[in-house]
Structure formats: C-alpha cells, structure tokens
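Peer 1: Here it is: the structure, laid out below.
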Amino acid sequence: MDMAEEAAIKVKGLYKLYRVGEETVRALNGVDFEIKKGEFCSIVGASGSGKSTLLNMLAGLEKPTKGEIVIAGEHIEKKRENQLVRFRREHIGFIFQSFNLMSTMNAIENVALPLNFQGMSRTLRRKKAEKALKLVGLQKYMKHRPTQMSGGQQQRVGVARALVMQPEIIFADEPTGNLDSKTSREVMELMQKIVRKRNQTLVMVTHDNYLAGFADRIIHIRDGKIVKVEENHNPQGILANGGEASKEDTPIQNELKDNGSIGANE
Ligand SMILES: Nc1ncnc2c1ncn2[C@@H]1O[C@H](COP(=O)(O)OP(=O)(O)OP(=O)(O)O)[C@@H](O)[C@H]1O
Ligand SMILES: [Mg+2]
C-alpha cells in the first residue's frame, strides 16, 4: 500500500521492437523501474540507446510491444487513443526534443494552448502564459512567433508550455538540447526548483552527464536496457547555491523568487 502511494511511475518488463526491413531493432529490451512522486529522475545514454522511445511510451505516445506502465495508478499500455489524450491532458506535461511549437502562433498563444482545454477564460489563460514566459526569461518575446526566435528561445517556450499546466508529471526529452551551456544550466535550475516547490515528478532524458547531475536519481540505459541506477545525493544546482539564489542571480532566478508558482491560486 505504501509503495503504491509513493510510486508515480511503475514500469515492468517493457519491450519495444521495431521492424525495419528484414531486421528487428530492440529499442527497449526488458526495462523495469519505479519513479517516486516528486522525484526528479534523469535517463542518460548514448544516441540510439532507447531514451526517447522509453519516454514516448511513458507518456503514452507510443505503444509498447510488451510490458506494463502504471502511472497515477493506471495502466497506460491498455488505454485507447482517446483515453490517452485525456490522461495526458490531466496528468502529463511534455517537453520535446524538437520544439513542437505552432508556427502560426506567437509565444503567448503557444504557451496558452494546453490551457484551452481547461475551460478557463482567455484573459486568465494569457496571464498564466505570460507568467510562465517570464519565468523562462522571455518577457521580451511574448508576441514573437517561433520563426522570429532563436532555437534556444523556442526551446524555452516549450519549457514554459509544459510548466503552465502544473501537471503531476513532466517528461522532458533533451529540454536544453539547443541551448548554450550557461542557459542550459539556468533552465535546469529553474525546472529543478519549480518541480521541487510544487512536488511534481520530472523525468528528463539527456545524453549530457552534467545536466543529468541535476536529478535526484540517474538511470543509465544502453542498447535498450538499464545498466546502472545512481542515487544522486548532491544534485547540481541545489548544492551549488544551497537552495537559495546566489548574489549573481540570473533574470530567470530572480523571476522564480518573485513568482514561484505560475498563478495556481488565481
Ligand atoms: N520509428 C522507428 N522505427 C525504427 N526504429 C526506430 C524507430 N524509432 C527509434 N528507432 C530505433 O530505436 C533505437 C532507439 O531510438 P531512440 O530514439 O529511443 O534513441 P535515443 O536514445 O533517444 O537517441 P538520441 O540521443 O539520438 O535521441 C535506435 O536504434 C533507433 O534507430
Ligand atoms: Mg532521443
């Protein structure tokens, strides 16, 4: 009973096989793990090791060949597409490796998009979107469309869009893949603090060991298998500034201090 309450995600005997011509690719080759509620977990591994495949299956974007995925007490692998759409809407935020932004919409509209399904007024949606964009340091780019922003700025719109919903679980696939190292660190610290404050579960895929070090636990994957699970007792970021913002606060950190929550109580 206790264990069931603690686990946000349970994965058992997970396989994903792709048929490519004559060959079978074992993208996931028997994976078992649990992720606790409120835990920040990173998944690391070389290119092609199966990280995105795993994340896409956890988020219900792809069906496993075999195995079980239990999230919020529900079996994802048994759900039909329309059930999955609803499940994702209610429980999950996703930050993609590619930005997945709507090219005809500006930053505010992109971030506000997932809120459209929540029966919220347009004014409130915009307000929440603007707050989330400020959190990721894009106050000057609210009205810009994706083509009018750099790759890093687009990535931050993607982060803001996942944060605005305050989902229980956030899946992030290389969320800083297109950012320089300084901005990457800022975005990581930002995500780390926000999910901690809100007790959200964050599962992040990366091939970067430094960025993985921001997590509480690091799952290493190779050729579709877990090869090592590391408890990270001194995560990056928290250790670096003792949980408090340092003197050299970045705009992102300043925003976060003023605006720890994105308008949850409005
Ligand atoms: N739709 C698909 N059809 C066939 N093979 C696929 C498909 N998607 C992924 N694969 C294969 O599955 C394996 C795992 O791919 P995956 O995208 O999960 O890797 P990854 O760890 O996310 O890599 P990267 O760091 O480059 O993003 C790779 O060998 C890949 O070629
Ligand atoms: Mg990938």
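Every read-out reported here was derived from the displayed coordinates using simple, explicitly stated rules and does not represent laboratory data. Just so you know, these numbers come straight off a predicted model, no measurement behind them. Here Cβ is always computed from backbone atoms with ideal geometry, including for glycine, and neighbour counts include all displayed protein chains.
Peer 1: So what's the back-of-envelope 222 nm ellipticity for the chain, counting only DSSP H runs of four-plus at -39500 (n - 2.57) apiece and dividing by all residues, rounded to 500?
Peer 2: -10000 deg cm²/dmol, from helical runs alone.
Peer 1: Among DSSP beta bridges lying fully in the chain, give the percent that are antiparallel, nearest 5.
Peer 2: Bridges in the chain that DSSP calls antiparallel: roughly 55 percent.
Peer 1: Counting other beta carbons within 10 Å of each residue's own, what order do Val205, Val44, Val20 fall into, fewest first?
Peer 2: So the residues, fewest neighbours to most, are Val20, Val44, Val205.
Peer 1: Taking 0.36 nm per residue of sequence separation and subtracting the Cα-Cα distance, how much length would be gained by fully extending the chain between Arg89 and Met120, in nm to one decimal?
Peer 2: Difference between extended and current length: 9.7 nm.
Peer 1: Counting other C-beta atoms within 10 Å, which of Met204, Met165, Met57 has the fewest, and how do the rest follow?
Peer 2: Met165, Met57, Met204
Peer 1: A further question follows. Fewest Cβ neighbours within 10 Å first, please rank Ser47, Ser42, Ser52 accordingly. Show your work: numbers first, answer last.
Peer 2: On the way: Ser47 7, Ser42 27, Ser52 19.
Ordered by Cβ neighbours within 10 Å, fewest first: Ser47, Ser52, Ser42.
Peer 1: Run the dipole for the chain about the Cα centre, Lys and Arg Cβ at +1, Asp and Glu Cβ at -1, nothing else charged, and hand back the magnitude in debye, nearest 20.
Peer 2: 880
Peer 1: So if R0 is 35 Å, what FRET efficiency would Ser47 and Lys12 give, r being the distance between their Cβ atoms, rounded to the nearest 0.05?
Peer 2: Between Ser47 and Lys12 the formula returns 0.85.
Peer 1: Whose amide H sits under 5 Å from the amide H of Ile43, counting only residues 5 or more places off or on another chain, with H placed in the peptide plane?
Peer 2: Close amide H contacts, sequence-distant or interchain: Met204, Val205, Thr206, Ile219.
Peer 1: A follow-up question, please. For Phe94, what residues show an amide H to amide H distance below 5 Å, using hydrogens built from the backbone and excluding near sequence neighbours?
Peer 2: HN-HN under 5 Å from Phe94: Phe171.
Peer 1: Between Lys182 and Lys37, how high is the FRET efficiency from 1/(1 + (r/R0)^6) when r is the Cβ-Cβ distance and R₀ = 41 Å? Nearest 0.05.
Peer 2: Step by step, r from the Cβ atoms, then E = 0.85.
Peer 1: Right, here's the next one. Could you give the length gained on full extension between Ala72 and Thr147, defined as 0.36 nm per residue of separation minus the Cα-Cα distance, in nm?
Peer 2: Extending this stretch completely gives an extra 23.3 nm.
Peer 1: If contacts are Cα pairs under 8 angstrom and at least 6 residues apart, what is the relative contact order of the chain in percent?
Peer 2: Across the chain, relative contact order equals 25 percent.
Peer 1: Give me the distance between the Cα centres of region 122-198 and region 51-66, rounded to whole Å.
Peer 2: 24
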